[in-house]
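Notes follow the structure.
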Amino acid sequence: MIDLSFILQALIAFGAFQAVFLSFIFFTRKKGGLPDRFLALFLSIEGITLIERLLAETKLIESFPHLLGISYPINFIKPPILFLMTLAIIHPKFKLKPKHVYHAIPFVMMLLMNIPFYGMAATDKLAYVANFISYVPAYSSFDFWFFISFYLYIGTYLWLSIVKLKSFQQHVKNNRHANWYYSVLRLYFIGLSVGFIYYLIRPSGWVEIPLFNLISMLVMTFLIQSIAYNFITKNNLFNSHTSPVLADVDKRTKDVKIIRDKLEVEKVFLDDTLTLASFSESLDLSKKYVSDLINQRLGYTFREAINYYRVEEAKKMIHDGNREEHGLIQIGMKSGFNNKVSFYRTFKRFTGKSPSEYAEMTLSESKT
């Protein structure tokens, strides 16, 4: 029977070397921008960390003792990288500034603190790490609170990144880069939270999971696999040329409100001759800009958005009992459709039912 730990180690090894390979690809891409560079750094750190931890788990580290401790300081630069990557995705013109160097202070401090360890003899390093792996700190120890602060340090950066991306999505719904990265960070945050909870209760002795280290490494491997999958299936993942050019967020917010008022208050969609050109002209905005706003904020093309509001108007008239006063065809015409076929086809596409089926359903619900 194959040992479960061996299978996990094989999967982690594959993920580790894949991370290193992908980091090389993202570093060397000619069309890559800052998001590419940050993603490459993140993958490099994860690859190095997984390789070192895997060597420690399999005891192979005894053949390469001086590799011990390499990943520890660089993990302190990973959270700022994730945060800066967020800024680079949501701000196409984002550039690194001198003030961003402050994010590297924890990394520099940990690097300096580890200098004595790097100077140890190979046998001393192995003994130190072996003791560290089996060591369970007590609640009263400094080590426990130090690791708690490390989790909080990473968690804070992740939380800030997620909040910024969520705010961005409220203005731009279908930016594939931002949506993908938001999902990745949420998964990362969930994995981090599970690790934090386990570390928090471990000193109590209530829970002991022998393979927890391998499982946590496997979670990161799956995260790397998701990045690899997106890269293989959509190799322009961070190609800036595929991202929409975004105007100032405040202006976009105001213009979206104007568009919504035109549609929801003035009900301009009731005009069956309405076009993107005439609608944009009434707003004194360019067709491309209006189309982009509707597409990004509402998730529809202009024509789909107009048809959506027309169907909603028809549904309202049916709910209000206007079917008795007007036939369904007349309701469609009053909602902005210019022919029966278009009305029936569009209504069914948005509701899953024909107008007559929807009317019967509404009548049945009103009787119960």
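The values are calculated or read from the model by the stated rules, or taken from the named source; none is laboratory data. All values reported here derive from a predicted model rather than from experimental measurement. Cβ sites come from the backbone with ideal geometry, for glycine too, and all protein chains shown count toward neighbours.
Among the residues of region 110-127, what is the count of those that are surrounded by 14 or more Cβ atoms within 10 Å (Cβ to Cβ) and either in a helix (DSSP H, G or I) or touching a residue at least 12 places away in the same chain (Cβ under 8 Å) (or both)?
Residues in region 110-127 being surrounded by 14 or more Cβ atoms within 10 Å (Cβ to Cβ) and either in a helix (DSSP H, G or I) or touching a residue at least 12 places away in the same chain (Cβ under 8 Å) (or both): 6 in total.
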remark   = Filter region 178-211 for residues that are hydrophobic (A, V, I, L, M, F, W, C) and at pLDDT below 75; the one that is surrounded by the most Cβ atoms within 10 Å (Cβ to Cβ) is Leu211
ask   = Restricting attention to region 314-326, does a residue exist that is surrounded by 13 or more Cβ atoms within 10 Å (Cβ to Cβ) and either touching a residue at least 60 places away in the same chain (Cβ under 8 Å) or under 27 Å from Asn175 (Cβ atoms) (or both)?
value = no
remark   = Note on region 1-17: residues surrounded by 19 or more Cβ atoms within 10 Å (Cβ to Cβ) and closer than 24 Å to Ile81 by Cα are Ile12, Gly15, Ala16
request  = Any residue in region 196-219 that's without any contact (Cβ under 8 Å) to a residue 24 or more places away in the chain: show its pairings with residues that are in a loop (DSSP other than H, G, I, E, B) at Cβ separation under 6 Å, as long as the two are six or more apart or on different chains.
outcome  = Ile201/Val207
task = Return yes or no: is Gly205 on the phi > 0 side of the Ramachandran plot and either assigned by TED's automatic domain parsing to the domain that holds Gly47 or of a type in the set (A, V, I, L, M, F, W, C) (or both)?
result = yes
note = Selection over region 70-111 where residues are over 23 Å from Val172 (Cα atoms) and either among the aromatic types (Phe, Trp, Tyr) or not assigned by TED's automatic domain parsing to the domain that holds Leu223 (or both) yields a count of 4
